[in-house]
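Q: Structure below; questions to follow.
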Amino acid sequence: MALDRPAAPNDLHAFWMPFTANRQFKKSPRMFVAAEGMHYTTADGRKVLDGTAGLWCCNAGHKRPKIVEAIQKQAAELDYAPAFQMGHPRAFELANRLVDLAPDEMAHAFFVNSGSEAVDTALKIAIAYHRARGEGARTRLIGRERGYHGVGFGGISVGGIVNNRKVFGSLLTGVDHLPSTHIPENRWTRGQPEHGAHLADELERIVALHGAETIAACIVEPVAGSTGVLIPPKGYLKRLREICTRHGILLIFDEVITGFGRLGSPFAAQHMDVVPDMITCAKGLTNGVIPMGAVLTTAEIHDAFMTGPEHLIELFHGYTYSGNPIACAAALASLETYAEDGLFQRCADLAGYWEDGLHSLRDCPHVIDIRNMGLIGAVELEPIAGAPTQRAFSAFLKAYEKGVLIRTTGDIIALSPPLIIEKAQIDELFSALREVLQAE
Ligand code: PXG
């Protein structure tokens, strides 16, 4: 393919790359210069099959014409409008579309620019909501071990990944964690595991310890993605919902990964038939194309703020780019693309084939567990003694050389392809992975 830009920039020094081994990368860079459909194109002109939808975000695949066109048109029409005390039609249209797509109880959308901002926004809304109702002592936040909620101070405080927390000081105070749902009895489970619903009862222990009247919210990922695809045990989320309801604690589902069809329904809340009080989303909202996120809330939460004199600002929170017109246009076009292609249903239809292909890797060397749900999969490898993460990272590099993009976290390979993936491409992905693992 003809590329009208240099194949590789000649100086990689200035860019401090996020969540990357910078020195290693810069010695041996891996650059994408184009993308279309299910494939990236590398700087040296190779096609790479996208097994990860970018970073779990390009659910409709790449370079989708409707989205490209919507962005171009919007940029030419209204590039930016002030986000505070001014509006533009697309933000309202998008909010309506989003609450239509979400569980019935979700009635309002607050726009942000990333998953991290969505999480911090939801946590702030939770605390402010209780205060607005005269329960100002409810400030405590409950997260979960091995949870990932982005990288804001709120998100890392409720998150449960030691490397994301330990060098950043004292974090938020008044945070407690549920135990992870990842237990050894559930190894090799296809879909949701049988054991572990009782782990939700740990919230009762935390309530007994602190008093429900001090707890604002509990935030969990319906399926924990970043920490290696941890699937909720059957009944776990329902039990968490019941306990939260019993104690007046808001339940927040962080659907940054599970939103927009990854499990075969618009949101995991629908797939699991559990209604949270707030949903955070991002990534697939714009098919990954423009940064954007949202917090969806019930009418009850929103309405608690709508008191006092009408000329006063109700919530002292928001971002310069909240509901940015171009992001809204990208999101509207993404939702249309998902609907036109029937991608959520497509995910549901492909999930069984995906599961079979994934679990066929069970006999590969060093594989110690396989997990899946919707179009999400994880292959956990036995760490090399004394060199954790190395085995999976080496698999990542070999897969890339073979023309397949995977993600790794620790010694876990995580897969989350665009929902447009074809069965033949699922076969291609797993057969490349099989070759890689057999060489490990
Ligand atoms: N919540 C969840 C559940 C996430 O998965 C965030 C919040 C933060 O989103 P932003 O947009 O601020 O990055 C995430 C992000 C991976 C990977 O490879 C996962 C994420 C981001 C980058 C890589 O697992 N999740």
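All of the numbers you see were taken from the coordinates with simple rules; none came from a lab. Since the model is a prediction, treat every value here as computed from it, not as a measurement. Reconstructed Cβ throughout: ideal geometry from the backbone, glycine too, with neighbour counts over all protein chains shown.
Q: For n ≥ 4 DSSP H runs only, could you compute -39500 (n - 2.57) per run for the chain, divide by its residues and tell me the 222 nm figure to the nearest 500?
A: On the way: 15 runs with 159 residues, N = 440.
Result for the chain, helices only: -11000 deg cm²/dmol.
Q: Same structure, new question: Rank Pro266, Gly152, Val207 by how far each Cα sits towards the positive end of the charge dipole of the chain (+1 on Lys, Arg Cβ; -1 on Asp, Glu Cβ) and give me just the farthest.
A: Result: Gly152, furthest along the dipole toward the positive end.
Q: Also, I was wondering about something else. With a sphere of radius 12 Å drawn around the Cβ of Ala385, what net charge do the other residues whose Cβ falls strictly inside it have (Lys, Arg +1; Asp, Glu -1)?
A: Working: positive: Arg391; negative: Glu382, Asp411.
Around Ala385, the surrounding residues sum to -1.
Q: Cα centroids of region 328-353 and region 183-242: how far apart, whole angstrom?
A: Answer, in whole Å: 28.
Q: Another one. Over region 68-340, what is the relative contact order in percent, taking alpha-carbon pairs closer than 8 angstrom and at least six residues apart? Mind dumping the intermediate values first?
A: Numbers: 515 pairs, mean separation 76.5, N = 273.
Answer for region 68-340 is 28 percent.
Q: Now for a different question. What's the exposure ranking of Thr409, Thr297, going from fewest to most Cβ atoms within 10 Å? Before the final figure, lay out the partial values.
A: Details: Thr409 18, Thr297 30.
Listing Thr409, Thr297 from fewest to most nearby Cβ atoms yields Thr409, Thr297.
Q: Amide H to amide H under 5 Å from His108: which residues, 5+ apart in sequence or cross-chain, H placed 1.01 Å off N in plane?
A: Sorted by chain and number, the residues that satisfy this are Thr297.
Q: Related question: In the neighborhood of Tyr338, defined by Cβ-to-Cβ distances under 14 Å, what is the net charge if each Lys or Arg adds +1 and each Asp or Glu adds -1?
A: Values: positive: Arg64, Lys66, Arg97, Arg262, Lys283, Arg346; negative: Asp100, Glu336, Glu340, Asp341.
Spelling it out: positives minus negatives among the neighbours equals +2.
Q: Taking Cα pairs under 8 Å and at least six residues apart, what relative contact order does region 1-123 come out at, in percent?
A: Details: 67 pairs, mean separation 14.8, N = 123.
Dividing the mean separation by the residue count of region 1-123 yields 12 percent.
Q: Okay, next question. Please rank Met373, Met86, fewest neighbouring Cβ atoms within 10 Å first, as an exposure proxy.
A: Numbers: Met373 26, Met86 7.
Placing the least packed residue first, the sequence is Met86, Met373.
Q: With helices defined as uninterrupted DSSP H runs, which ones in the chain have an alpha carbon span along their own long axis of at least 30 Å and mean Kyte-Doolittle hydropathy of at least 0.0?
A: none
Q: Using the Cβ atoms and a cut-off under 13 Å, what net charge is assigned to the surroundings of Ala282, where Lys and Arg are +1 and Asp and Glu are -1?
A: Details: positive: Arg262, Lys283; negative: Glu117, Asp120, Glu221, Asp254, Glu255.
Neighbourhood net charge equals -3.
Q: Next question. If you rank Val220, Val119, Val175 by fewest surrounding Cβ atoms within 10 Å, what's the result?
A: Val175, Val220, Val119
Q: What's the magnitude of the charge dipole for region 68-340 around its Cα centre, counting Lys and Arg as +1 and Asp and Glu as -1 at the beta-carbon? Answer in Debye, nearest 20. List each step's numbers first, then the result.
A: Values: 22 positive and 30 negative charges, 169 e Å.
With only Lys, Arg, Asp and Glu charged at Cβ, the dipole is about 820 debye.
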